[in-house]
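The values are calculated or read from the model by the stated rules, or taken from the named source; none is laboratory data. Quick caveat, the model's predicted, so the values are computed rather than measured. Heads up, the Cβs are rebuilt from the backbone with ideal geometry, glycines too, and the neighbour counts pull from every protein chain shown. The area values use the complete protein model at the heavy-atom level, side chains included, leaving out ligands, DNA and RNA. Shrake-Rupley method; radii C 1.70, N 1.55, O 1.52, S 1.80 Å.
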Amino acid sequence: MVSIFTAPLATPAQLSTSPSQQSGIPESLEQKLHLVACRLIQAAGILMELPQPTIATAIVLLQRYYLTTSLTASPLLQTTLASLYLSTKLTEHSQKPRDLINIFKYLLSPTSPLHPPHLRHKDDETTERKSNKSLYYVPEGDYTALRSLLLSTEAKILRALGFNTTVNLPYTLAFNYLQSLGVLTSTSTPTKTPDGSLSNPLQHDKLVSTTFAYLTDLLSSPSQVYLTHHPHELAVAGIYLAARDHGVKLPERWWEVWDVERETLGFLVVVMRGGTYTAASGKVWIVEEGVFEERDGGEVIAIGPDSVEREMERLRNL
Amino acid sequence: MSSKPKSRWETETAEDAAEAARRKAEKDAKKALKLEKVRKAEEEAAARRRHEDEERHAQSLAVSDEPPSKRRKVSAEPDDDDTAAFPRKKHASSAAAANGDKDTSEARLIRFPAPEIKPCNSVDDYEPLNRIEEGSYGIVSRARHIASGEVVALKKLKLEGETDGFPITSLREIQTLMAARHANVVNLREVVVGEQLNQVYIVMDFIEHDLKTLLDDMPEPFLQSEVKTLMLQLLSATATMHANWIMHRDLKTSNLLMNNRGQIKVADFGLARYFGDPCLPLTQLVVTLWYRSPELLLGAQKYGTAIDVWSIGCIFAELILKEPLFQGKSEIDQLSKIFELMGVPTDEEWPGWRRLPNSKSLRFPRTKQTTGHLLRSKFPLLTTNGVSLLSSLLSLDPSKRITAEEALKHPYFRDDPKPKSEAMFPTFPSKAGQEKRRRLNSPSAPMRGDAPQLFGEVGLAGRSGLFAGLEEEEVGGGFSLKVH
């Protein structure tokens, strides 16, 4: 019964000593790479029409894995692939490694919306680019190599987590709490309030989606609160902000009903308000191998181990 | 000593008195020493606690770039420094007064435990003792934890032929076993690994017997009071699993382990999985044939926890009979045996059963004599409530089948004889502990592959004279049925 409320959490020692930082990756670079991993998983999940719990599970597994393993020991691409593959199995939405590899190849190709626009060659304009399948075609040799990397990384993730793959997500709890708070009156019987602010059933739908949006944003927050807080605490924080956004009044100290301290709630609200990691203007582009740079109001992040190595070198020499 | 009556051998002397006094003094000194020790231990513990608190505090200061709420608290009492740092806004007293609510004090919040994220230990922590059993899903052996000396059961997962990474069935097995914590579910201690990536072992408590071997070897079946205790344990474990959205899908006596303290433990979650509501189409290749429910045999793609309850019904009967209730040789023979005892369902008893995939291609004899169950005559010594429980566990229509939760409250368990206390159970020599187990003469759990298509005629021989001799009749192409 208690099991849906608890999550394996990181210890303070684990949080203060990140293996990636110990292997020489500066914190800022680590945060960028974590963000990119979340973006890639989220994008791949959407393209594969996977449900959000599958995507969120993959991200949480990845974050837990990088608590114990360095980004240099387990490069980003194979780890994102493996954690998404594992999560599709765990959430009973099994996918083939082939499909995952194809999708990631597309996401990292110049045709992908994640690709920085200034790196797209001007000469291969839309028509030619569409026909140029080689941009996101995976040769058999590459596929076999990546597939075996994916499978061995999957085994490593399982070992690093002690096979404790339970990921309890706050989404269902949040919905349940919203129902219990009585702010989700069903569409069939809209409440008639004199000012009419609450009578619109659509507003309640928005309350749910805003809550869920906050919870999803938190997944890619650099604070990694999914590693430090239990799902009920995240759910309450999501509801708190969504209710404030939509001007829905909730009873006094309602969060205590779900065993959340005001202090914890306050912290999570600050984290949520702080938003995700953002570059100068907020746009993040992803390439497989390339140069880390900030231009055109965005930031290019490369995930390949060689590029990461070069960036580490550059940051060391700064 | 002084109260002892004087015997005629006694020669009361000063020496004796002195000796007695000396002994008493010795005893007192020992007692005082012991008390002192206890007091010291307490003091030490207190000091350690203080030290830990300080350490915790220091740690929180050390990671002071982390906000304070990240610190996990294990104790329920509010921390003083916390309340000082973040003075809680008290209730608006007016609101509280308006509600007539006296409780303006701090609400007591539950703190949830948080397991750590830590890597697997090595299998080298264990020293192998003897092999217990080899099944389709792995090899189980007995081993000793070298550090603690505890004897455990080690199940090596078969991962050699896997092409798609870690098999989803093993993932489910570990996940469900971790989630289904119950006194009557075998305790998963940890998962350990070997050098190679495909060496994965599940470490469980070692339990002396399995119920199947025990039933085979017992000279007398379990007493009614013992059956009740075992059934209550099985039902309560199953109810907990179902409440946690876990279906076991392979309940049978050889998967029920029993220790020498009168407890059974549900084991082997190799086919278990999470289910949802509404249920999704799932594989029909679950549950060992003899314990498989009629809806599965008839090819239902959507099924639920009722399949576990059917298996429990079969186990209940087996505890009484000392042998499996329906020992079918094939899917179709299994159905015949079920309908022979439980009757061919009528459309009122089980609406829609004729529309199940395999039911269309089967012909069933249907007369008055073939409907209704014959449990009363099969179990002449079972009480009325016992028969009533068995018939509701073995209800043909899955939607009318009793749930594990309801079955726990069945009057059968309140009848005399009352369930026997676990402590009063007899003990038996453990086969698994010493010798290689006998190969069991029961069909094994279904393997992955295509679900069988059933066709032919369901014979109900032995039910009445009308159907005697059905087995001698020629059966059309395909395969012939052998029923007895």
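Annotation: per residue accessible area for chain A equals 42 Å², rounded to a whole number [probe 1.4 Å, protein chains only]. With both residues required to sit in region A:225-318, DSSP beta bridges show an antiparallel share near 40%. I'd like the distance separating the alpha-carbon centroids of region B:326-402 and region B:286-300, in whole Å. About 12 Å separates the Cα centre of region B:326-402 from the one of region B:286-300.
Interface size, chains B and A: roughly 4500 Å² of accessible area buried, both sides included, 1.4 Å probe, rounded to the nearest 100. Projected label points at A:His118 and B:Ser377, each 7 Å from Cα along the beta carbon direction, are separated by 9.1 nanometres.
Which of the three applies to region B:242-298, rounded, prolate or oblate, going by the alpha-carbon gyration tensor with a ≥ b ≥ c and a/c under 1.5 meaning rounded? Because a/c hits 1.5 or more and a/b fails to exceed b/c, region B:242-298 counts as oblate. Within chain A, the longest run free of trypsin sites (Lys or Arg not before Pro) that sit in a DSSP loop with at most 10 other Cβ atoms within 10 Å is A:1-121. Share of pairwise Cα-Cα distances greater than 22 Å in region A:222-318 is 50 percent (whole percent). Counting 0.36 nm for each residue step from B:Glu422 to B:Ala25 and taking away their Cα separation leaves a gain of 138.5 nm. If only the Cβ of Lys and Arg carry +1 and only the Cβ of Asp and Glu carry -1, the dipole of region A:205-318 around its Cα centre is close to 460 debye. Computed from point charges on the beta carbon alone (+1 for Lys and Arg, -1 for Asp and Glu), the dipole magnitude for region A:24-166 about its Cα centre is near 140 Debye.
Note on chain A: Cα convex hull, mean projected area over all directions, 19.6 nm².
For region A:24-166, the fraction of C-alpha pairs more than 17 angstrom apart is 61%. Cα-based values for region B:204-301, radius of gyration first and Dmax second, are 14.9, 46 Å. Label point of A:Phe175 set 7 angstrom out along Cα-Cβ; within region A:204-220, amide nitrogens under 19 Å from it belong to A:204-219. Spacing of the modelled spin labels on B:Thr346 and A:Glu313, each 7 Å from Cα toward Cβ, amounts to 8.6 nm. Tell me the mean residue ellipticity at 222 nm calculated for chain A from its helices only (DSSP H runs of n ≥ 4, each -39500 (n - 2.57), averaged over every residue, nearest 500). It lands at -17000 deg cm²/dmol. The apolar share of the surface of region A:24-166, taken as the fraction of accessible area on carbon and sulfur atoms (1.4 Å probe, ligands and nucleic acids excluded), comes to 56 percent.
Accessible-area rank, largest first, for A:Leu265, B:Leu280: B:Leu280, A:Leu265, with all protein chains present and a 1.4 angstrom probe. Between the helical axis of A:231-245 and the longest alpha-carbon principal axis of chain A there is an angle of about 70 degrees.
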